[in-house]
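These notes are about the structure you will find just below.
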Amino acid sequence: MSKKAILVVSFGTTVEDTRKKTIDAIEDDIKKAFPDYAIYSAWTSRKIAAKTGHPLIKDAMKDILADGVTDLFIQPTHIMKAIEYNTIVDDVEEFRDKFDSLKVGKALIYSRTDIDRMARFLNTTYRNDVGIKDNEILLFMGHGTDHVQNKIYTDIAHQLAVNDYKCDDIFIGTVEGKPDFDDIVKVIDGNVPDDTTFILAPLMIVAGVHAHDDLMGDEADSWKSVLESKGYKVRGNMKGLGEYPEVRNRFVELVKENI
């Protein structure tokens, strides 16, 4: 008799509060949508898994096999098909012949349609949630990567600026890719009013350490501190994308489309 399961794989976080609102919430939504499937969880960050005791992919796969699962679908909660996503594919490959079927789902942003969907979400749902005023700019921090898929950030920014959006009050930078914060500072210096307020927000599934330290931390080199040193006002919207039902629903849809 076949036994079906879904393994939800995330980067992970050490910040418990945001984990409950994002990763746990995504897993719960998938569990509700697929009551006939056993739901498992794994993280790709070895460092975070070691700190929290959460299973890595290979640990979860061994438990899944021990439970007698024959058909496994793996749904990443990663934003793009980059280094962490490829880690998932590599880690599960050695288990492929141990299942009747084994599939890996798509990342959140996979196609031009996904880029447009994210731009639309940021310019509607997210905009309405933070309440951008006339003298405010919403500045997102993406994680960033040296992988070619890092271009997704500039693709979303371009989509916001052209076509139906004509958006000039939403910027996107990254903490470990391009454009980085220095690039953003070059753009805003001398080009935005002195009384501008920056709304800082993570363009990440969770509002984890990067959001709390690199974005809104009190250290001199945080985005918040640098902007304040230039005389700008700053307020934060410390909500990971996974807190929004629209994003969680998209992960459920990805499972339905690819399972």
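Of the numbered criteria (1) in contact with a Lys or Arg (Cβ under 9 Å, 6 or more places away or on another chain); (2) more than 24 Å from Asn135 (Cα to Cα); (3) not in a helix (DSSP H, G or I), the one Lys239 fails is (2). In this structure, Thr125 does not qualify as under 20 Å from the mean Cα position of the chain (by Cα), over 20 Å from Gly240 (Cβ atoms) and not basic (Lys, Arg).
The test for being touching an Asp or Glu at 6+ places or on another chain (Cβ under 6 Å) and either at pLDDT below 95 or under 20 Å from Ile109 (Cβ atoms) (or both) does not hold for Val185. Within the stretch 239-259, the set of residues being touching a strand residue (DSSP E or B) at 6+ places or on another chain (Cβ under 7 Å) and surrounded by fewer than 18 Cβ atoms within 10 Å (Cβ to Cβ) comprises Asn258, Ile259. Just one of (1) crowded, with 20+ Cβ neighbours inside 10 Å; (2) touching a Phe, Trp or Tyr at 6+ places or on another chain (Cβ under 9 Å); (3) under 19 Å from Leu108 (Cβ atoms) trips up His54, so point out which. Unmet for His54, out of (1) crowded, with 20+ Cβ neighbours inside 10 Å; (2) touching a Phe, Trp or Tyr at 6+ places or on another chain (Cβ under 9 Å); (3) under 19 Å from Leu108 (Cβ atoms): (3). Please tell me if Asp100 is among the acidic types (Asp, Glu) and either at pLDDT below 95 or open to solvent by less than 80 Å² (accessible area, probe 1.4 Å) (or both). For Asp100, the condition - among the acidic types (Asp, Glu) and either at pLDDT below 95 or open to solvent by less than 80 Å² (accessible area, probe 1.4 Å) (or both) - is not met. Whether any residue in the stretch 89-97 is crowded, with 17+ Cβ neighbours inside 10 Å, modelled with pLDDT under 95 and under 18 Å from Ile259 (Cα atoms) is what I want to check. Yes, the stretch 89-97 contains at least one residue that is crowded, with 17+ Cβ neighbours inside 10 Å, modelled with pLDDT under 95 and under 18 Å from Ile259 (Cα atoms).
Restricting attention to the stretch 180-229, the residues that are open to solvent by 30 Å² or more (accessible area, probe 1.4 Å) and in a loop (DSSP other than H, G, I, E, B) total 11. Restricted to the stretch 115-170, and to residues there that are among the charged types (D, E, K, R) and closer than 22 Å to Glu228 by Cα, the residue that is surrounded by the most Cβ atoms within 10 Å (Cβ to Cβ) is Asp169. Pairs linking a residue in the stretch 78-94 that is under 21 Å from Gly142 (Cα atoms) to a residue that is open to solvent by 60 Å² or more (accessible area, probe 1.4 Å) and not in a helix (DSSP H, G or I), with Cβ atoms under 6 Å and 6 or more positions apart or on different chains, are Glu84/Phe11. Restricting the first member to the stretch 214-237 and to residues that are over 18 Å from Asp194 (Cα atoms) and without any contact (Cβ under 8 Å) to a residue 12 or more places away in the chain, and the second to residues that are of a type in the set (A, V, I, L, M) and open to solvent by less than 80 Å² (accessible area, probe 1.4 Å), the beta-carbon pairs closer than 8 Å and six or more apart or on different chains are Ala220/Val226; Ser222/Leu215; Ser222/Met216.
Restricting attention to the stretch 6-43, the residues that are part of a strand (DSSP E or B) and surrounded by fewer than 22 Cβ atoms within 10 Å (Cβ to Cβ) total 4. Elements of the type strands (runs of 3 or more DSSP E) sitting completely within the stretch 50-167 and holding at least 3 residues that are closer than 28 Å to Lys3 by Cβ and hydrophobic (A, V, I, L, M, F, W, C): these cover 71-76.
The values are calculated or read from the model by the stated rules, or taken from the named source; none is laboratory data. Just so you know, these numbers come straight off a predicted model, no measurement behind them. Backbone-built Cβ (ideal geometry, glycine too); neighbour counts: all protein chains shown. Side chains are part of the model used for accessible areas, which takes the heavy atoms of the whole protein and leaves out ligands, DNA and RNA. Shrake-Rupley method; radii C 1.70, N 1.55, O 1.52, S 1.80 Å.
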